[in-house]
1. On a C-alpha basis, how far is the centre of segment B:7-23 from the centre of segment A:258-323 in Å? Whole number, if you could?
2. Would you compute, from DSSP H runs of 4+ residues alone, the mean residue ellipticity of chain A at 222 nm, taking -39500 (n - 2.57) per run and dividing by the full residue count, rounded to the nearest 500?
3. What is the sum of charges, Lys and Arg at +1 and Asp and Glu at -1, for the other residues whose Cβ falls under 9 Å from the Cβ of A:GLY131?
4. What is the antiparallel percent of DSSP beta bridges lying wholly in the protein assembly as shown, to the nearest 5?
5. Return the carbon/sulfur percentage of the accessible area of segment A:271-418, one whole number, probe 1.4 Å, all protein chains in place.
6. Could you order peptides A:34-44, B:43-53 by the average number of other Cβ atoms within 10 Å of their residues, highest first?
7. What does the average come to when, for each residue of peptide A:211-221, you count the partner chain Cβ atoms lying within 10 Å of its Cβ?
8. Local charge sum around A:LEU160 (other residues, Cβ-Cβ under 12 Å, Lys/Arg +1, Asp/Glu -1)?
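The values are calculated or read from the model by the stated rules, or taken from the named source; none is laboratory data. Bear in mind that the values here come from a model prediction, so they are computed numbers and not experimental data. Backbone-built Cβ (ideal geometry, glycine too); neighbour counts: all protein chains shown. All accessible areas refer to the heavy atoms of the entire protein, side chains included, with ligands and DNA or RNA removed. Shrake-Rupley method; radii C 1.70, N 1.55, O 1.52, S 1.80 Å.
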Amino acid sequence: MGMTLAEKIIAKAAGRPKVAPGEIVTCKVDLAMIHDSGGPRRVKPILDRLDVGVWDPSKVVLITDHYVPATDDESRNIQAIARSFAAAQRIANFYDQQGICHVVLPERGHLRPGMFAVGGDSHSPTGGAFGAYMFGVGATEMAGVLATGEIWLRVPETILIDWTGKLGAGVSSKDMMLLLCAKLGMDGGRYQAVQYAGDAVRALPMQERMTLANMAAELGGQAGLIEADSITKDFLRAAGADVEDDESWRGDADATMSEHHVFDATALEPQVAAPHSPANAAPVSSHTGTRVDVAYIGACTGAKLEDLRMAASVLRGRKAARGVELLVAPASLRDQEIARREGTLDVILQAGGRLLANACGICAGYGDERFGENVTAISSTARNFKGRMGAATSNVYLGSPYTVAASAVEGRIADPRAHI
Amino acid sequence: MSGRAFVFGDNIDTDVLAPGKYMKAPVEELARHCMEAIAPDFAQTVRAGDVVVAGRNFGMGSSREQAAQALKILGVSAVVAKSFGGIFLRNALNLGLPVMVCPTTEQIRQDDRVAVDLVGGRVINETTATTLAGEPLPGFLLDMLADGGLVPHLEKRLAAKRETSG
Ligand code: SF4
C-alpha cells in the first residue's frame with residue numbers, strides 16, 4: 001500500500017520508512033515561521049526560562065505583520081522585542097514590515113516541496129500550496145520547537161477534494177473555499193490533511209492555490225496540500241528558492257484517502273458568507289442588494305497580487321459608490337510594488353480606494369483601523385467571526401476580491417460576473 | 001473534585017475566547033473579556049474548579065493561545081467538548097489546561113456539578129448521577145499535563161539531559 005503526500009513528508013521528518021494515520025510521531029522541523037504577535041514577545045520568556053537559544057537560526061523566519069503599523073507604545077514595544085530577538089538569536093531571515101507572513105515566506109523563497117514546517121499562526125497551512133506539510137501552533141508550542149527543533153504529531157488521514165472542470169470568469173479560489181466551508185462545515189477537515197486536486201486546481205496560478213491551502217484552516221484541517229508541479233517550481237525559482245526537479249513529492253496512486261469529495265468548478269457561482277461564519281456561505285444571489293458601508297480588500301487570503309488583479313479587473317474605469325469606503329491593504333510590499341508598476345494599484349486607487357499598510361490590519365482586529373458599531377462590510381479575508389474585525393455589532397460578509405470590488409461599485413452586495 | 005458546568009454550543013471561536021481588541025493587554029486583563037461577545041457574564045461568574053462544556057469544534061480559529069490561557073486564569077479546571085479546534089487542543093495541553101473529547105456533552109446542563117476523570121476518560125455528572133464516556137488522552141500528554149504543561153515538562157527533560165551529558 002502506498003503513502004499519501006502527507007505521510008511521505010511526515011515519514012521523512014520522523015526518520016521512518018513508513019507512517020500510518022493515527023500513529024504519534026516526533027518530527028524534525030525543516031522550517032519554523034514566527035510573527036510579531038505569537039513570536040518573540042511570547043517565546044523569548046520561555047526560552048529564557050529554559051536557558052536555551054534557537055536550535056538552528058537558519059531554519060527560522062521572523063516576519064512582523066500583526067502590530068503593523070505600530071501606532072501606540074504597546075505595539076512599538078512588541079516590534080522592538082521582535083527586532084532585538086532577531087539580533088540576539090542571529091535570525092538572518094527577518095522581514096520587518098514587508099507584508100503578511102504567509103505571503104512573504106514563499107515570496108522570499110523559503111518554502112520548498114517536501115518540507116516539514118510549522119508556523120506560529122493558524123493560517124500556516126498556506127505553505128501546503130507549495131507541497132510542504134505546514135501547520136499552525138501556538139506560542140508555547142513554538143517555543144518548544146525553537147528550543148528542540150522537534151514537534152509531535154498524530155499522522156493525519158488525507159481528505160481529498162477534487163475540483164473538476166474550469167472556473168468561469170469572475171469566479172475564484174475564494175469562492176471554491178467558501179463553498180467548501182458551507183458544504184463540509186468548519187470542522188469538516190477534522191484536523192486531518194486536506195489535499196486539493198483536479199483540473200481546476202492545477203489550472204490555478206500559485207497565489208490562487210495559496211488561498212485554497214490557507215483556508216484549510218477554516219475547514220479545521222491541520223494542513224492543506226497541493227502537489228507541486230511546474231507552476232509551483234517556476235514560482236519558487238523566481239523567488240530564489242533552490243528547487244530540485246525530482247517529482248518525488250507526490251502521493252502514491254494506491255494511497256488510502258479517508259474521504260474523497262468531488263466538486264464541479266464549471267458550475268460554481270460566486271459565493272458570499274453571511275455574518276458571523278465562513279460556513280454561512282451561499283451563492284451571491286442570496287445576498288445581492290444588501291447595502292454595504294465598507295469594502296475591504298485585505299489579508300493573506302484576499303490581497304495578494306492575484307487578488308488585487310481580480311479587484312482591478314472589476315474596478316477599471318469605475319468608482320466606488322457614494323457612501324462606500326473602499327479599503328485596500330496589499331498583502332506584501334513586493335506585491336504592492338508590482339501592482340503599482342503594472343497599473344493594477346492605480347485602478348483601485350482611482351476607484352476611490354484608500355491604501356492601508358502591508359499588514360494584517362483589520363483582518364486581525366489588533367490595530368486602530370477597525371469596523372465601527374453597526375457597520376456592514378464585505379471583505380476578501382478568511383474569517384468573519386463576531387467582533388473579530390471590530391465592534392461586536394459590525395456585520396462582515398466574506399467574498400472574493402471580484403465580489404468585494406463589484407459590491408464597492410454598486411454600494412450593495414453584487415454579482416461580479418455582471419462587471420467582468 | 002467537581003465544578004459547576006458552563007455550557008456552550010458548537011464552534012466557539014478563539015476571537016470570542018480572546019478578543020483581538022485586548023490582545024495587547026496583559027493576559028489577566030484579556031481574561032476578564034473572555035466570551036464577552038456571546039456570554040457577557042461568564043468571566044465574572046466562573047469560579048475556580050468550574051468546567052466548560054461545549055459542542056463541536058471548541059476553540060476553532062486562530063492560533064492565539066491566550067484563548068486557552070484566559071480559561072486557565074479564570075480558574076476553569078477542564079474543558080469537555082464533542083470536538084476541539086486542533087490548535088486550541090494542543091495549546092490547552094501545552095499550557096496545562098485539561099481538555100477531553102466527550103461525544104455526549106449535550107447531556108450536561110448549565111450549572112450541573114461535573115467531575116472530569118482525565119485518566120479514566122469519563123465525565124461524572126453528579127447532579128444527574130450519570131457517567132459519560134470520553135476519550136482518554138495518550139499517556140505522554142497526561143504526563144505533560146501532570147508536569148503542568150509543556151514548559152515545565154521541557155524544563156524537566158532538559159535538566160535530565162544536562163545531567164546525563166554533564
Ligand atoms: S491577514 Fe488575517 S488571516 Fe492572514 S495572518 Fe494576518 S490576521 Fe491571520
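1. Using only Cα atoms to place each centre, the spacing works out to 25 Å.
2. Values: 14 runs with 130 residues, N = 420.
Helix-only estimate at 222 nm: -9000 deg cm²/dmol.
3. Working: positive: A:ARG112, A:ARG250; negative: A:GLU227, A:ASP229.
Spelling it out: positives minus negatives among the neighbours equals 0.
4. On the way: 22 of 76 bridges.
Of the beta bridges lying entirely in the protein assembly as shown, close to 30 percent run antiparallel.
5. Numbers: 2210 of 4880 Å².
About 45 percent, which is the carbon plus sulfur part of the accessible surface.
6. On the way: A:34-44: 25.8, B:43-53: 17.8.
Highest-to-lowest ranking by the protection proxy: A:34-44, B:43-53.
7. On the way: counts 0, 0, 0, 0, 0, 0, 7, 2, 0, 10, 1.
Across A:211-221, the average partner-chain Cβ count within 10 Å equals 2.
8. Numbers: positive: none; negative: A:GLU157, A:ASP162, A:GLU227, A:GLU259.
Local charge sum for A:LEU160: -4.
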